[in-house]
1. Taking the Cβ of PHE74 as the centre, find all other residues whose Cβ is under 14 Å away and add up their charges (Lys, Arg: +1; Asp, Glu: -1).
2. Between VAL85 and MET1, what is the spin-label point distance in nm, taking each point 7 Å from the Cα along the Cα→C-beta axis?
3. Just subtract the alpha-carbon distance of ASP58 and THR77 from 0.36 nm times their residue separation and send over the number in nm, one decimal.
4. Run the numbers for ARG11 and TRP47: contour at 0.36 nm per residue of separation, minus the present Cα-Cα distance, in nm.
5. Under a 5 Å amide H to amide H cut-off, with H placed in plane at 1.01 Å, what residues pair with LEU56 once short-range neighbours are removed?
6. Sort ASP8, ASP39 by Cβ crowding within 10 Å, fewest neighbours at the top.
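Every read-out reported here was derived from the displayed coordinates using simple, explicitly stated rules and does not represent laboratory data. Computed from a prediction, not measured in an experiment: that's the story for all the values here. Heads up, the Cβs are rebuilt from the backbone with ideal geometry, glycines too, and the neighbour counts pull from every protein chain shown.
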Amino acid sequence: MKIADLTDDGRKDVLVGAFSDGYDCLEERGIALLRSQGDRLFNSVEWVVREAGGYLADFDTGDLNNDDLLDLSFVYTGPRTFLNVGDGQFEEGYHIEDMPPQYIVI
């Protein structure tokens, strides 16, 4: 889990590694965003990353492309990044298929 302002609105949002176990709101596996509404209230789950059969428990955030927005990085079948395009929306960035994940440090 990571707590950070991912929507650039000054409020702390929550990113969680999640997977389905029969819950209606979590029918897939991946990384989900809970947007802060303020006053300790959060919107419904929004998927940032969905991977069939993948449980992405270990991930990190940081400004990977120097645009002052927090991006997402993790290792799942190779190192991957998702770049924050603003307002909590992410697009796939780098994905290195040919290098074993144990050789990568971000």
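1. -1
2. 2.9
3. Separation in residues times 0.36 nm, less the Cα-Cα distance, equals 5.5 nm.
4. Gain in length upon complete extension: 11.1 nm.
5. HN-HN under 5 Å from LEU56: ALA18, GLY30.
6. ASP39, ASP8
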